[in-house]
Amino acid sequence: MLALLALSLIAVALAAPMITREARRWQKQRSDRRAASASAFDVPLYDPGRERRAEQRARELLRSCVNDEEWGMYRDLGFIRVEGRHARRAADGRKTRAPYAYLVYPHKPIVAYVPETGQLLSEYCVEFPDLGVGASGRSRLPASDDVLAKWMALTSDEARVIRQANMHLVGRQLDPARLRKDLWRLAEWERRRTGGAVGRSSL
Amino acid sequence: MKPGHGELLLAEGDRRVREDDERLIQEFRRQLDEGMWAAVPTVNSGSGRREAQMIRDYGEIPPEAERVIFFPRASGG
């Protein structure tokens, strides 16, 4: 009996390091699992109302910055027309039709066209990515903020934003038929707004 | 304007008050250092149309400007 007890003690003593090692490994695996599940919960929960509230604020900000006509255009048609820089310079003080202009859509390329003829010129693909520390690059501006950013960039430093953009022929991302329809909608919108005095001002 | 969040108030104050002005300058520089563009909505004195003025230096902010809007710099999409 005594011999059996001694043998058991020796066996336990010999196995002790192995048991300790296994216990530590199990403990480490357990803490790793806990950390993993904790970090999964640390990710900010998706708040469906946050984007809606952000967009609402963005619309207010856009409305406070652009002209009444441009705001009405965006509210009713979903895009804004911005006259080209040289056009604005020539048109300042004179009521002349702009030689070229841009259609500014949210999260879509800027489209250059000729208002006189409705000829579509080119698409300028531009975005305003999050460059902040820890930015995932996946988040983007609310739709109205994107339009405002394009509007500010075009009206303040058109050359710079066009230089930064990737230029393509119309049709790469936007359907030319859809664009022509938007120009027609814009012309109709202006005709209604001015009581029929404008006619084909945007075509 | 911050992607994923929209409009955020970064700092506010009276530029005529020195402490406020210093705080505004600091925030302005921090935003530009982070790669943001700054613009001020203005009204064209000739045509009366609203437009934006890009601001590259704190001193360029028009005295009558009520706000400076920071937005991510444009890049090719």
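Look through segment A:102-133, keep the residues that are free of Cβ contacts under 8 Å to residues at least 12 places away in the same chain and assigned to a loop (DSSP other than H, G, I, E, B), and return whichever of them is surrounded by the fewest Cβ atoms within 10 Å (Cβ to Cβ).
Looking at residues that are free of Cβ contacts under 8 Å to residues at least 12 places away in the same chain and assigned to a loop (DSSP other than H, G, I, E, B), I get A:V133.
Pick from segment B:11-38 the residues that are surrounded by 14 or more Cβ atoms within 10 Å (Cβ to Cβ), over 21 Å from A:R160 (Cα atoms) and not hydrophobic (A, V, I, L, M, F, W, C): which of them is nearest to the other protein chains (Cβ to nearest Cβ)?
If we take residues in segment B:11-38 being surrounded by 14 or more Cβ atoms within 10 Å (Cβ to Cβ), over 21 Å from A:R160 (Cα atoms) and not hydrophobic (A, V, I, L, M, F, W, C), then B:E27 is nearest to the other protein chains (Cβ to nearest Cβ).
Restricting the search to segment A:50-71, which residues are in contact (Cβ under 8 Å) with a residue 60 or more places away in the chain and closer than 23 Å to A:P109 by Cβ?
Those that are in contact (Cβ under 8 Å) with a residue 60 or more places away in the chain and closer than 23 Å to A:P109 by Cβ: A:E51, A:A54, A:E55, A:A58, A:R59, A:L61, A:L62, A:C65, A:V66, A:E69, A:E70.
Could you go through segment B:19-42 and let me know if any residue there is aliphatic (A, V, I, L, M) and out of contact with any strand residue (DSSP E or B) (no Cβ under 9 Å at 6 or more places or on another chain).
Taking every residue of segment B:19-42 in turn, at least one turns out to be aliphatic (A, V, I, L, M) and out of contact with any strand residue (DSSP E or B) (no Cβ under 9 Å at 6 or more places or on another chain).
Can you list residue pairs whose Cβ atoms sit under 8 Å apart, with the first residue in segment A:156-184 being part of a helix (DSSP H, G or I) and the second being surrounded by fewer than 18 Cβ atoms within 10 Å (Cβ to Cβ) and among the small types (G, A, S)? Count only pairs 6 or more apart in sequence or on different chains.
Listed pairs, sorted by first residue: A:Q164/B:S75; A:Q164/B:G76; A:R180/A:G118; A:L183/A:G118.
Restricting attention to segment A:47-83, which residues are more than 17 Å from A:M152 (Cβ to Cβ), among the charged types (D, E, K, R) and more than 12 Å from chain B (Cβ to nearest Cβ)?
Matches in segment A:47-83: A:R75, A:D76.
Filter segment B:39-72 for residues that are within 7 Å of chain A (Cβ to nearest Cβ) and closer than 16 Å to A:A159 by Cα; which is surrounded by the fewest Cβ atoms within 10 Å (Cβ to Cβ)?
Filtering segment B:39-72 for residues that are within 7 Å of chain A (Cβ to nearest Cβ) and closer than 16 Å to A:A159 by Cα, the one surrounded by the fewest Cβ atoms within 10 Å (Cβ to Cβ) comes out as B:M54.
Limited to segment A:138-147, what total is found for residues that are under 24 Å from B:I61 (Cβ atoms) and either surrounded by fewer than 21 Cβ atoms within 10 Å (Cβ to Cβ) or facing chain B (nearest Cβ under 7 Å) (or both)?
2
Does A:Y124 satisfy the condition of being more than 10 Å from chain B (Cβ to nearest Cβ) and at pLDDT 95 or above?
For A:Y124, the condition - more than 10 Å from chain B (Cβ to nearest Cβ) and at pLDDT 95 or above - is not met.
A:R53 - would you say it is modelled with pLDDT of 95 or more, under 19 Å from B:M1 (Cβ atoms) and surrounded by fewer than 17 Cβ atoms within 10 Å (Cβ to Cβ)?
No.
The values are calculated or read from the model by the stated rules, or taken from the named source; none is laboratory data. If you're wondering where the values come from, they're calculated on a predicted model, not measured in any experiment. All Cβ positions, glycine included, derive from the backbone under ideal geometry; neighbour counts span all protein chains shown.
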